[in-house]
1. Taking amide H atoms as placed 1.01 Å from N in the peptide plane, list the residues 5 or more away in sequence, or in a different chain, whose amide H sits under 5 Å from that of Tyr95.
2. Please work out whether segment 48-171 counts as rounded, prolate or oblate from its C-alpha gyration tensor, where a ≥ b ≥ c are the square roots of the eigenvalues and a/c under 1.5 means rounded, while otherwise a/b larger than b/c means prolate and anything else oblate?
3. What is the local net charge at Ala38, summed over the other residues whose Cβ is closer than 13 Å to its Cβ (Lys, Arg +1; Asp, Glu -1)?
4. Let me spell out the model: positive unit charges on the Cβ of Lys and Arg, negative unit charges on the Cβ of Asp and Glu, origin at the Cα centre of segment 24-169. What dipole size does that give, in debye rounded to 20?
5. In degrees between 0 and 90, to the nearest 10, how far off the longest principal axis of the chain does helix 2-19 point, with axes built from Cα atoms?
6. Using only Cα atoms, tell me the angle between helix 26-35 and the longest principal axis of the chain; keep it within 0 to 90° and round to the nearest 10.
7. Could you compute the FRET efficiency for Ser59 and Ser128, with r as their C-beta to C-beta distance and R0 at 35 Å, rounded to 0.05?
8. In whole angstrom, how far apart do the alpha carbon centroids of segment 151-171 and segment 109-142 sit?
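Just so you know, all these numbers are worked out from the coordinates, no wet-lab data involved. The shown structure was predicted, so the numbers you read here are calculated from the model rather than taken from an experiment. FYI the Cβ positions are ideal-geometry reconstructions off the backbone, even for glycines, and counts take in every protein chain you see.
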Amino acid sequence: MKVRLLFLATLTFVASLAWAAPSPSDAQVAFARLKSLAGEWESTTARGGKFHAHYEVISGGSAVLERFEGDEMGPGNVMVTVYYLDGGRLLLQHYCMAHNQPRMQAQSFDNASGELQFTFLDATGLSSPEAGHMHNATFRFVDADHLSEDWQFFEGGKPKLTESVQYTRSR
């Protein structure tokens, strides 16, 4: 009887290990979704202007570079964001026209809905914690040709504005 119980306990334990076998982490799956954005994207703003984003997989597949510009931002105000894995974390570093470089960490990713949320981690070039900077970003991978982004700007320690962009793949 004891041998049988020990056998059943061992079998249950081994089965639970197999059931919990690790699958690709959410960070890796989300990073693969970011890589799938490679190409050109366009959006029309509420004021009739255009936003353009170019996504490129770089550095042997270890990073995704986003180059963002818009008619309403003025000439020379291109912003760049780099997305990358750091161990089990998905991070972004945003090179902003506000003259600082916030870094954000992915906090959640729901593969079924396509929603990826980043929150502020730290920043370089920030004159004080109260200075204006991008603080949060939410991506929604709608389908292979549509992407929604919400970027939240903080100033004085509080949300000041959210820039929402709905992109369509143009190439």
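1. Here the answer is Val80, Thr81, Val82, since their amide H atoms fall under 5 Å of that of Tyr95.
2. rounded
3. Working: positive: Arg33, Lys35, Arg67, Arg169, Arg171; negative: Glu40, Glu56, Glu66, Asp145.
Around Ala38, the surrounding residues sum to +1.
4. Using Cβ point charges on Lys, Arg, Asp and Glu, segment 24-169 gives about 140 debye.
5. Orientation of helix 2-19: about 20 degrees from the principal axis.
6. So the inclination is approximately 40 degrees.
7. Working: r = 32 Å, r/R0 = 0.93.
It comes to 0.60.
8. 9
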